[in-house]
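Chemist: Please find one structure pasted underneath; my questions will follow.
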Amino acid sequence: MNLRLGLFAGILVFIAAPAMAEVYRNVDAQGNVTYSDEPSDGAEEVKVKPVTTITLPKPADVREPEKLRKEVEKEGSVYDSVRILAPKNDEAFHSGSGDVAFRVTSAPGLRKGHRYEVTLDGQPVGQTTSNTLTVRNVFRGTHNAGVHIIDEKGVQVKTGDSVRFTIHRPSVNN
């Protein structure tokens, strides 16, 4: 039930995103915070980050696991490999904003309708048909990143080895 509600809310946000305008934050004399799409005296504009979208498999595809397994084996066998080129395994780097630029590749290249999906600490963070994907505001520390090839139904058909990297960011206390 929560998954359906979450998907529905995500779809609504995605559909409404192009129609969204600026968002303004205002604090009144009593310290109450309000948000509005119309500017007012003393209001400051809030930068809203874009929403990351992930394509999930259709429930009908998941209900037929044997058929799905055979399709995945057939589609996945088309690829010899998929891997992350950057960041490199055990790499450590500084990023003040927390942005991490992933570069991925497969042999052979992606088939029509397929996408790369990058995961961070086991959670999908983005999909792309190009060989690059930037993930914004990654927390400092050590992370595990993975890459998969996803077909047009949102099903993983090939998985590459994961890489481990450490990102250094300035502390908010400094």
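Chemist: Given the pairs K112/K158; K49/K158; K49/K88, which span a C-alpha to C-alpha distance of over 24 angstrom in this model? Walk me through the intermediate numbers first.
Modeler: Details: K112/K158 15 Å; K49/K158 30 Å; K49/K88 27 Å.
Listed pairs above 24 Å: K49/K158; K49/K88.
Chemist: Compare the peptides 107-118, 154-165, 90-101 by average per-residue count of other Cβ atoms within 10 angstrom and give them in order, highest first. Intermediate results must be reported in sequence, preceding the final value.
Modeler: Numbers: 107-118: 15.2, 154-165: 17.5, 90-101: 12.2.
Taking the mean over residues of other Cβ atoms within 10 Å, the ranking is 154-165, 107-118, 90-101.
Chemist: Using 7 Å Cα-to-Cβ label points, what is the R103/T134 separation (nm, one decimal)?
Modeler: With each label placed 7 Å out from Cα toward Cβ, I get 1.5 nm.
Each reported figure results from applying straightforward, stated rules to the coordinates on display, with no laboratory input. All values reported here derive from a predicted model rather than from experimental measurement. Every residue, glycine among them, receives a Cβ derived from its backbone with ideal geometry; neighbour counts consider all protein chains shown.
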